[in-house]
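The values are calculated or read from the model by the stated rules, or taken from the named source; none is laboratory data. From a predicted model like this one, the values you see are computed outputs, not experimental measurements. When we count neighbours, we look across all protein chains shown, and the Cβ atoms used for this are built from the backbone with ideal geometry, even at glycine.
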């Protein structure tokens with residue numbers, strides 16, 4: 001098989017895959033187009049801009065990497081998947097503009113840096129161990145539909161701004177949020193943030209589709225401007241809107257349960273009647 005050797009014997013491109021075998025690299029591989037796949041067998045850290053604008057890169061396997069520095073994969077627009085089971089931290093713009101990125105396996109991820117995944121192609125986020133996300137971490141992820149961040153305590157400013165297809169957010173530990181966090185997420189319907197108490201200006205700005213809130217106490221919310229075009233009368237009273245929506249949800253759910261109970265009762269009575277007839 002044809003191999004293309006690069007400067008050192010521990011670096012080679014074979015079958016369109018770049019193999020890197022050292023633990024540390026001082027050099028960068030940015031702006032290269034001679035490989036589609038990347039495999040780092042020993043490296044525990046990826047340096048700043050190391051693979052920036054590698055336009056043909058599609059898949060990266062990083063089995064021992066724990067830290068990805070700023071702009072490491074910035075602009076890799078055809079990157080589709082990342083396997084990195086030991087990753088702990090992503091930094092500023094690590095995957096910024098990776099528009100095709102849909103599959104990530106980050107089982108150990110704890111910290112997401114500022115604008116780390118902004119403009120990426122993620123469809124669903126399920127990071128069970130992430131305790132901190134940075135400003136604009138998922139800003140402009142236009143394919144994103146569902147988010148689960150169960151242990152994150154703060155939702156910073158612009159975290160999900162312009163995620164125009166976002167439908168559901170689960171953040172059961174979040175206690176506060178910055179400004180414009182979900183600004184222009186006009187398809188957002190389901191919000192599960194039961195501990196949320198303080199939010200910034202335009203936190204839900206132009207979230208006109210929200211129908212089901214699980215938000216218990218926003219009485220402490222300050223400097224709030226909802227900008228909800230559906231409800232201009234209640235501007236700056238997001239707590240009222242949340243409670244009203246939640247009460248409506250409870251009422252609708254109760255009605256459904258009552259209807260189901262009625263049908264079940266009818267079914268049981270019908271069965272009893274049949275049993276009596278058989279006797």
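Could you please find all residues in the range 20-30 being over 14 Å from residue 45 (Cβ atoms) and either touching a helix residue (DSSP H, G or I) at 6+ places or on another chain (Cβ under 7 Å) or surrounded by 18 or more Cβ atoms within 10 Å (Cβ to Cβ) (or both)?
Across the range 20-30, the qualifying residues are 29, 30.
Out of the residues in the range 126-156 that are within 11 Å of the chain's Cα centre (by Cα) and not in a loop (DSSP other than H, G, I, E, B), which is nearest to residue 85 (Cα to Cα)?
Ranking the qualifying residues of the range 126-156, first place goes to 126.
Does residue 84 fit the bill of being modelled with pLDDT under 95 and surrounded by 17 or more Cβ atoms within 10 Å (Cβ to Cβ)?
Values: modelled with pLDDT under 95: yes; surrounded by 17 or more Cβ atoms within 10 Å (Cβ to Cβ): yes.
Yes: the conditions hold for residue 84.
Would you check if residue 172 is in a loop (DSSP other than H, G, I, E, B) and buried (at least 18 other Cβ atoms within 10 Å of the Cβ)?
Considered against the rule, which asks whether it is in a loop (DSSP other than H, G, I, E, B) and buried (at least 18 other Cβ atoms within 10 Å of the Cβ), residue 172 comes out as no.
Given the conditions (1) over 18 Å from the mean Cα position of the chain (by Cα); (2) under 18 Å from residue 118 (Cβ atoms); (3) free of Cβ contacts under 8 Å to residues at least 40 places away in the same chain, which single one is not true for residue 21?
(2)
Every residue, every condition in (1) over 20 Å from the mean Cα position of the chain (by Cα); (2) buried (at least 22 other Cβ atoms within 10 Å of the Cβ), yes or no:
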{"position": "48", "(1), (2)": "yes, no"}
{"position": "53", "(1), (2)": "yes, no"}
{"position": "63", "(1), (2)": "yes, no"}
{"position": "72", "(1), (2)": "no, yes"}
{"position": "77", "(1), (2)": "no, no"}
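Do the conditions hold for residue 159, that is, is it out of contact with any helix residue (DSSP H, G or I) (no Cβ under 6 Å at 6 or more places or on another chain), in a loop (DSSP other than H, G, I, E, B), closer than 17 Å to residue 210 by Cβ and at pLDDT below 95? Full working, then the answer.
Numbers: out of contact with any helix residue (DSSP H, G or I) (no Cβ under 6 Å at 6 or more places or on another chain): yes; in a loop (DSSP other than H, G, I, E, B): yes; closer than 17 Å to residue 210 by Cβ: yes; at pLDDT below 95: no.
Against the criterion (out of contact with any helix residue (DSSP H, G or I) (no Cβ under 6 Å at 6 or more places or on another chain), in a loop (DSSP other than H, G, I, E, B), closer than 17 Å to residue 210 by Cβ and at pLDDT below 95), residue 159 does not qualify.
Among the residues that make up the range 196-213, is at least one of them modelled with pLDDT under 60, within 28 Å of the chain's Cα centre (by Cα), surrounded by 10 or more Cβ atoms within 10 Å (Cβ to Cβ) and within 19 Å of residue 161 (Cβ to Cβ)?
Scanning the range 196-213 turns up no residue that is modelled with pLDDT under 60, within 28 Å of the chain's Cα centre (by Cα), surrounded by 10 or more Cβ atoms within 10 Å (Cβ to Cβ) and within 19 Å of residue 161 (Cβ to Cβ).
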